[in-house]
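Following: one structure in structure tokens, then a few remarks.
The values are calculated or read from the model by the stated rules, or taken from the named source; none is laboratory data. Fair warning: this is a prediction, and the values are worked out from it, not measured in the lab. Note that each Cβ is placed from the backbone with ideal geometry, even for glycine, and that neighbours are counted across all protein chains shown.
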Amino acid sequence: MTQQGKLRASLVVIALLVVALVALVVKFVVVGSTLPAQDARVVVALEPGERALMLREMRGFVAGLQRITDGLARGDAKEVSAAARAMGTAAAHDAPVTMFAKLPLEFKRLAFGVHGGFDRLAADAAGGASREQTLGELSSILGGCVACHATFQVAAPPAAR
């Protein structure tokens, strides 16, 4: 094989590797592991243990929201801040990378928006934000929750059901 032929072959191999890498990035960063749903939502297919982890986190959010609203009702900014901080971006780091790869980009965007919103709420509550400002932030965060639940559902893949 000539030097020019070797160069062409190398370029073809590099191009194929780049295409494969782009396909993997699109699959694991943008698309995730999704299926069409019976309703207008998208099914995010997770293994049973991953699904249980996600649902446990959502139940934790409901408990945290109760702590926040209780703290607001009692005027306890420290409780509001502590409850919100527990649901911030630090909590998102508990998700295994394999599960994270299965989540579509829009799901990740909404989830990080919610976690980041709790970080901001915690900081603002600790900084003396008014009850009205805190409720406004909480309403915005809950808008992200509503958007995610309206767009996605979480289920085990067909083979695991």
Criterion: of a type in the set (Phe, Trp, Tyr), assigned to a helix (DSSP H, G or I) and surrounded by fewer than 17 Cβ atoms within 10 Å (Cβ to Cβ) - qualifying residue of Phe107, Phe61, Phe112, Phe118: Phe112
Residue count for region 64-99, restricted to those that are surrounded by 14 or more Cβ atoms within 10 Å (Cβ to Cβ) and part of a loop (DSSP other than H, G, I, E, B): 4
Some residue of region 125-135 being loosely packed, with under 15 Cβ neighbours inside 10 Å, among the acidic types (Asp, Glu) and in a helix (DSSP H, G or I): yes
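For Ala150, are the conditions met, namely being outside any loop (DSSP other than H, G, I, E, B), surrounded by 15 or more Cβ atoms within 10 Å (Cβ to Cβ) and at pLDDT 95 or above?
no
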